[in-house]
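The values are calculated or read from the model by the stated rules, or taken from the named source; none is laboratory data. None of these values were measured; they are calculated from a predicted model. Here the Cβ positions follow ideal geometry from the backbone for every residue, glycine too, while neighbour counts run over all protein chains shown. Protein only, heavy atoms only, side chains kept; ligands, DNA and RNA dropped before computing areas. Shrake-Rupley method; radii C 1.70, N 1.55, O 1.52, S 1.80 Å.
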Amino acid sequence: MNESTDLTLRALTPNENIPYSLLLLADETKEAIDTYIHQSVIYVLEHEGEMIAVCAVARISDSAMEIKNIAVREDWQNKGVGYRFLLDIIHKVQEQGCSELIIATADCGHKQLYLYQKAGFQPDRVIPDYFIQNYPEPIFENGIQLKDQVILKMIL
Ligand code: ACO
Ligand code: ACO
């Protein structure tokens, strides 16, 4: 992606529709999204007025926030948008005086694990069998069944 590609980042206002189609790229079901989305700030990235990426961030304690969902529209993936978006979100969280930022993914989410560590997150802990116990159907990614969840952390 060209560095000068014109992308606008903004937070959705409470009266705007929740962009489920984008959020569903990063989470399995609307029900799963509904467990966090109403307590989250929803940031979107727009190109010529069209939404091309979403990121939901929720406060999980006085000092910590969690990126609950980050997704880039399929035709915009692998162009560097997700990385730039993630760095901008980290900056926004920092501005809110938060000292810790968390992001979680599956143990076999190679691309996500790589991207998050490239952005400065470090693996913190593993929750065994998270994706087996919390989702009704088996989920597969890169041909591997999702089992454990990896939590990554960044001290801001
Ligand atoms: N394996 C390893 N690395 C890869 C792969 C791969 N298969 N494909 C691309 N990469 C690398 C890229 O090369 C790039 O690294 P580089 O710049 O050093 O070359 C890096 O991954 C990220 O590239 P971006 O283009 O910035 O990523 P993108 O814009 O595609 O956004 C995202 C990444 C958000 C994961 C996007 O692909 C997406 O929306 N995927 C579907 C939804 C999803 O899985 N979201 C995360 C779920 S977890 C959560 O939401 C907390
Ligand atoms: N990102 C993600 N997946 C990749 C990448 C990449 N950059 N490159 C290749 N792969 C995939 C391949 O596509 C293949 O998967 P697929 O069959 O589903 O498509 C899979 O990785 C493995 O491919 P192979 O060709 O069987 O792997 P290879 O013969 O290259 O052996 C090894 C892997 C041993 C890691 C080799 O690359 C190597 O010797 N690397 C240097 C030494 C090393 O790192 N060793 C491991 C250190 S840890 C230890 O020793 C315990």
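Examine region 94-104 for a residue that is surrounded by 15 or more Cβ atoms within 10 Å (Cβ to Cβ) and either away from ligand 1 (no atom under 12 Å from the Cβ) or over 13 Å from the mean Cα position of the chain (by Cα) (or both), and state whether such a residue exists. Within region 94-104 (the criterion being surrounded by 15 or more Cβ atoms within 10 Å (Cβ to Cβ) and either away from ligand 1 (no atom under 12 Å from the Cβ) or over 13 Å from the mean Cα position of the chain (by Cα) (or both)), the answer is yes, since at least one residue qualifies.
Going by what's in this entry, would residue 42 be described as surrounded by 13 or more Cβ atoms within 10 Å (Cβ to Cβ) and in contact with a helix residue (DSSP H, G or I) (Cβ under 8 Å, 6 or more places away or on another chain)? Here the answer is no, as residue 42 does not meet what is asked.
Right, residue 24: open to solvent by 60 Å² or more (accessible area, probe 1.4 Å) and near ligand 1 (Cβ under 10 Å from one of its atoms) or not? Walk me through it before giving the result.
Values: open to solvent by 60 Å² or more (accessible area, probe 1.4 Å): yes; near ligand 1 (Cβ under 10 Å from one of its atoms): yes.
So residue 24 passes the test.
Restricting the first member to region 130-156 and to residues that are more than 16 Å from residue 102 (Cβ to Cβ), and the second to residues that are basic (Lys, Arg) and surrounded by 14 or more Cβ atoms within 10 Å (Cβ to Cβ), the beta-carbon pairs closer than 9 Å and six or more apart or on different chains are 131/147; 132/147. In summary, residue 142 fulfils each of the numbered conditions (1) on the phi < 0 side of the Ramachandran plot; (2) open to solvent by 80 Å² or more (accessible area, probe 1.4 Å); (3) within 13 Å of ligand 1 (Cβ to nearest atom) with the single exception of condition (1). In the set (1) within 16 Å of ligand 2 (Cβ to nearest atom); (2) outside any strand (DSSP E or B), residue 135 fails one condition alone, (1).
Evaluating residue 63 against the criteria (1) at pLDDT 95 or above; (2) open to solvent by 20 Å² or more (accessible area, probe 1.4 Å); (3) of a type in the set (Ser, Thr, Tyr) leaves one unmet condition, (1).
Working only within region 66-93, note down all residues that are surrounded by fewer than 18 Cβ atoms within 10 Å (Cβ to Cβ), near ligand 1 (Cβ under 10 Å from one of its atoms) and among the acidic types (Asp, Glu). Residue satisfying the conditions is 74 alone. If you scan region 145-156, which residues turn out to be open to solvent by less than 70 Å² (accessible area, probe 1.4 Å) and in a loop (DSSP other than H, G, I, E, B)? Of everything in region 145-156, those that are open to solvent by less than 70 Å² (accessible area, probe 1.4 Å) and in a loop (DSSP other than H, G, I, E, B) turn out to be 146, 148, 156.
Residue 90 fulfils the conditions (1) away from ligand 2 (no atom under 16 Å from the Cβ); (2) under 25 Å from residue 38 (Cβ atoms); (3) modelled with pLDDT of 95 or more; (4) touching a strand residue (DSSP E or B) at 6+ places or on another chain (Cβ under 6 Å) except for a single criterion, (4).
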